[in-house]
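What follows draws every value from the coordinates through simple rules; no lab data is involved. Everything quoted here is computed from the prediction, not taken from an experiment. Here the Cβ positions follow ideal geometry from the backbone for every residue, glycine too, while neighbour counts run over all protein chains shown.
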Amino acid sequence: MEDSDLLKKIRNPETRSYGVNLLVRSYQERVYRHVRKMVIDHDDADDLTQEVFIKVNNAIDRFREDAQLFTWIYRIATNECLNFLNKKRRRFFLPIDDIGPELSAKIDSAADIDADEIQKKLQKALLKLPDKQRLVFNMKYFDDMSYEQIAEITNTSVGALKASYHHAVKKIEDFINE
Amino acid sequence: MKKLDDIPKKNIFKVPDGYFEELPAVIQARMAKEPKKSYFVPVVKYAVPVAAMLIAALIWFRPAASIESELDKIDSNQIALYLDNAYASDVDHEDESDWTTDELDALEQDVYSSMEYSVEEDILDDIDL
């Protein structure tokens, strides 16, 4: 179903509930995977995914359609992830770049992570990147998004994103070869 | 030297069986339970006390005009005229003491009847008819 048809259903009070259900079904997997790569833990990702769709539902009447629905939802999901990670740091009085060890330990211990050694090493290398750089890397490398789409989501220029991505790749390769 | 391209891209994060089948119902149950939040409520919630504090601060810190400076602005003849009138109105009040008891009772009744009327009006305003 086209996004415009989905939005029509959501904006009609008689079909709103059905429209919202369709929207969640259309985007839940992409939102969950985007969030999970950032927070690693399934329960946290589950909570945040629910929160993202509740915020989408609350704000959808103000969505002006000058952006793609998908990038708008990704933007909300990205904000939720960054807020969650910042709150986690504040709760444990951690410095800005020191959430990595806790998330790295989860990669080693979580039963719902199915990765060989090199993939675990890649994930641990990603956790050494600043949150925003990790977001950009995930969207480009894993989600195969264009720089233009990422620019819309992160409100950053394409040039800055290209530089950030190439810098991230270099840091990751350095870590993997240590 | 290992490159990023040498690592196969794979989704390593697993979800419980049936997770995506159940998630829409879980989310919709939460939506039904949590009332839709308005983005304007927090603004109003903080704007009202802030505005009240600003008004209170303006009143509190407003420089008070001294009585002398206010009196300086008024013409002496006008002050003399005002004092003469005030004296005259005091004399008028003294005249009221000459009213009879009946006249005072009638005046009192007029005041009470107008009060009863306005109280009744207020009560009607508060009741959903």
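Worth a mention:
- Helix axis angle, A:158-176 relative to chain A longest principal axis, alpha carbon, degrees: 40
- Our coupling estimate for segment A:8-14, obtained by passing each phi through the Karplus curve with A = 6.51, B = -1.76, C = 1.60 and θ = phi - 60°, is 4, 5, 5, 7, 8, x, 6 Hz, Gly and Pro reported as x.
- Across segment B:26-34, computed HN-Hα scalar couplings (Karplus, 6.51 cos²θ - 1.76 cosθ + 1.60, θ = phi - 60°) run 4, 5, 5, 5, 5, 4, 5, 7, 8 Hz from first to last residue, x flagging Gly and Pro.
- Chain A: angle of helix A:69-91 to the longest principal axis, Cα-based, in degrees nearest 10: 50
- Here each label is just a point 7 Å from Cα along the line to Cβ, and for A:K88 and A:S146 those points are 3.2 nm apart.
- For the pair B:E34 and B:S76, label points projected 7 Å from Cα toward Cβ lie 7.7 nm apart.
- The smallest convex shape that holds all Cα atoms of segment A:91-178, its convex hull, gives 123 Å³ per residue.
- All C-alpha pair distances within segment A:5-49, sorted into 5 Å bins from zero, spread as 5, 25, 21, 14, 13, 13, 8, 2 percent across the bins.
- Between helix A:117-126 and chain A: long-axis angle, C-alpha atoms, 0 to 90°, nearest 10: 70
- Links that overshoot a 26 Å alpha carbon limit, given the list A:K9/A:K37; A:K120/A:K140; A:K87/B:K10; A:K8/A:K88; A:K88/A:K132: A:K9/A:K37; A:K87/B:K10; A:K8/A:K88
- In this calculation the C-beta distance from A:A160 to A:N79 is compared with R0 = 25 Å, giving a FRET efficiency of 0.85.
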